[in-house]
Amino acid sequence: MDIFFVISGFVISQLILREWESTSSFSFKNFYRRRFKRLVPALSLMTSVVAIASAFFLSSGGSLQKSIYAGIGATLFVANFVLHFSTGGYFDLPAASNPMLHTWSLSIEEQFYFFFPVLLVLIMSYAIHKKKSSRRALLLVGALAAISLGTVLLAQLGFAIPGITQGQILFYSPITRAWEFAAGTLIAIALSQRFRVKRAALLTYLGFAVVIYSLFFIKEGSAWPSAVTLAPVLGTALLILAGADKESPSHRFLGSKVMRSIGDFSYSWYLWHWPFIVFARSLSDPKSADSKIVLGFAVVASFVVAALSYKYVENPLRLRKVSEKSDWRMIRAAIALPLIVSVGVLLIAPHVTPTSSQSAALASDVTPEHLGRTHGCHVDTPLSQRALPACTWAGTGAPIYLIGDSQADALSDGVVLMAKELDRPLTIATASNCPPMVLNFQLAGSARDRSNPKRCALFAQGAIKFLKSAVHGTVLLVMSDQYWRESDFALVGNGGRVSSASARTLAAGNALTSFISEIKLSGHQVVLIGTVPQFNYVVGKPEAGLIAWSPQTCSNINLMANKCNPTLKLSDAQRVQGASWAMEAQVATATGATFVDLRSEICPAGTCQTFAKGHWIYRDANHMSVWESQALAPVIASALKN
């Protein structure tokens, strides 16, 4: 999209400057009317159709809702902010599974249209008033571009910039994209002042070389936007600049009839291509041989639909000659339509399908966050820096402390219910991928672990320090076994990285023993809750790797085909997780802790189910749903009473 941001900045600035030069004024009303006529009707149709299709191709367990929210955001030109706040969380699906993901760039473009014309007219007015219009205008726009690019580079170097470096906003923020639009604007201002382009052919070849390099040699995992983004921006700027010379290869190529037709049609295909790809992925297994064929058909189908939209919606409404009032009525209707459709789908879809009970249960059991997370108790910060009063529930008996990783957070709903039943105060402190042991387990490719490799050891040390000074009570320890069982994790210690699963299991057992022993010596009782059976592996097929089952990916179509509720025999789970359960039980025996085995509760009659008794048991492959967490409260309460 960086290429299109530069082109958009150039085209829009050129329109503004031409009107300014011919009339010494600029009509904002006509500008916005033309922009809305060009963009809104086709967007309205796509958003409405995708909202309805999402009710079938997406899941009521989260992906449907996030698609609808992004669609509403796209209609109101704030999809970039909606996507920022709705993706990137621990339990969130990848942003790429949202059929409205691509509209983030359109929203940034519209935000540019709202504010940049005003800014450009003010800059031109000031520059002309000072009688040095071109130079001052170039300097002022260049200064804005430098501030925007400087923000990106400082963030990349690790400087904390309020409102910019938190989460994914660096990617989605118009502030960090403004310099790309400004690059096109600088060229438009220079050309409007009769700037002569020299060596246009050389600029053309350089521009094409840099753009091609950007498309094929910059890796997907590169930080973006960053210094690397200079490549596509610079290449596009060179091509636009060279194109000012009518004899240049750039002008002949980009100004050809074929390229102009592609430019006219590109908006429609941009709107439709991504929803078709996402819906196609929801119907096929990405590891199957047929997945590429399905995606190929999806791309072709999106092209056909885009062509129909261009011919019967976008072009007729954009080119029609009617009064301004009629245009604005049409624009208002085009904005209202997807809002009405989206809200309707959001409210009705989970309740009108043949599997409405399962769909409704997805919304109620899987979509809500766990209590620990909603109260801010599941964060990466050390305990000494946390607002623990917000993570403490009142009671009159001996206190309870819930410590662990996201598995502990997933049980927080049930533990809160249990604490209220027993009238005991409760404090929760958990952290993602941090078991209660002073070890540094690191997930491969995790930016969080790269930036703070001792994060988990510091969390565990802080927990020990806190518990030593806390009122004596019962400490509940909960964790996953993925750290020593899965190959994606490595143990990093003074002797280097430990990759062997057996060595990691041994180290984890020793560290857990040490953690529990220290807590018990300070006067606490300890209850160790065994890790739950997980649905993230193919038993007997190690080459298949993790399958990452999740009800959030269960579309209503797959629900109707009964493809969303797999079962797992406990005997099969034993083959994969048996060593972990044995280690936990041995540690509990050696330290005198109480061991709570939830397998018989989660997997009655030796079979683990994902959906039972009208409710979803798991919220993803290895975490309990809110409903199941609450259902386990009596079991945990019984362990504490005994």
State all residues of region 243-287 that are modelled with pLDDT under 80 and touching a Leu at 6+ places or on another chain (Cβ under 6 Å); if no residue qualifies, say none. G243, A244, S250
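Residues checked against (1) surrounded by fewer than 24 Cβ atoms within 10 Å (Cβ to Cβ); (2) in contact (Cβ under 8 Å) with a residue 24 or more places away in the chain; (3) within 23 Å of S359 (Cβ to Cβ); (4) acidic (D, E):
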site	(1), (2), (3), (4)
R38	yes, yes, no, no
P41	yes, yes, no, no
F57	yes, yes, yes, no
K66	no, yes, yes, no
Y69	yes, no, yes, no
I72	yes, yes, yes, no
A79	no, yes, no, no
Looking at region 437-480, which of the residues that are open to solvent by less than 70 Å² (accessible area, probe 1.4 Å) and among the charged types (D, E, K, R) is modelled with the highest pLDDT? R455
Which one of A42, A96 is of a type in the set (A, V, I, L, M, F, W, C), modelled with pLDDT of 85 or more and either touching a helix residue (DSSP H, G or I) at 6+ places or on another chain (Cβ under 8 Å) or under 21 Å from R332 (Cα atoms) (or both)? A42
Of the residues A573, A605, A548, only one is modelled with pLDDT under 90 and outside any helix (DSSP H, G or I); which? A548
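For (1) at pLDDT below 80; (2) closer than 15 Å to F116 by Cβ, each residue gets a yes or a no:
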site: F171; (1), (2): yes, no
site: W179; (1), (2): no, yes
site: K198; (1), (2): yes, no
site: L206; (1), (2): no, no
site: I212; (1), (2): no, no
site: E220; (1), (2): yes, no
site: P225; (1), (2): yes, no
site: V228; (1), (2): yes, no
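For D290, state whether it is modelled with pLDDT under 85, open to solvent by 40 Å² or more (accessible area, probe 1.4 Å), over 30 Å from R177 (Cα atoms) and not aliphatic (A, V, I, L, M). Break it down into steps so the answer makes sense when it comes.
Details: modelled with pLDDT under 85: yes; open to solvent by 40 Å² or more (accessible area, probe 1.4 Å): yes; over 30 Å from R177 (Cα atoms): yes; not aliphatic (A, V, I, L, M): yes.
Against the criterion (modelled with pLDDT under 85, open to solvent by 40 Å² or more (accessible area, probe 1.4 Å), over 30 Å from R177 (Cα atoms) and not aliphatic (A, V, I, L, M)), D290 qualifies.
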Which residue is farthest from F171 (Cα to Cα), if the candidates are limited to region 126-158 and must be modelled with pLDDT under 70 and part of a helix (DSSP H, G or I)? H129
Pairs only if they're at least six apart or on different chains, beta carbon under 8 angstrom, first in region 255-273 and outside any helix (DSSP H, G or I), second surrounded by 12 or more Cβ atoms within 10 Å (Cβ to Cβ); list them, first residue then second. G255/G243
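The values are calculated or read from the model by the stated rules, or taken from the named source; none is laboratory data. Model, not experiment: these values are computed from the prediction. Every residue, glycine as well, gets a Cβ built from its backbone with ideal geometry; the counts of neighbours run over all protein chains shown. Surface accessibility is based on the protein's heavy atoms, side chains included, excluding ligands, DNA and RNA. Shrake-Rupley method; radii C 1.70, N 1.55, O 1.52, S 1.80 Å.
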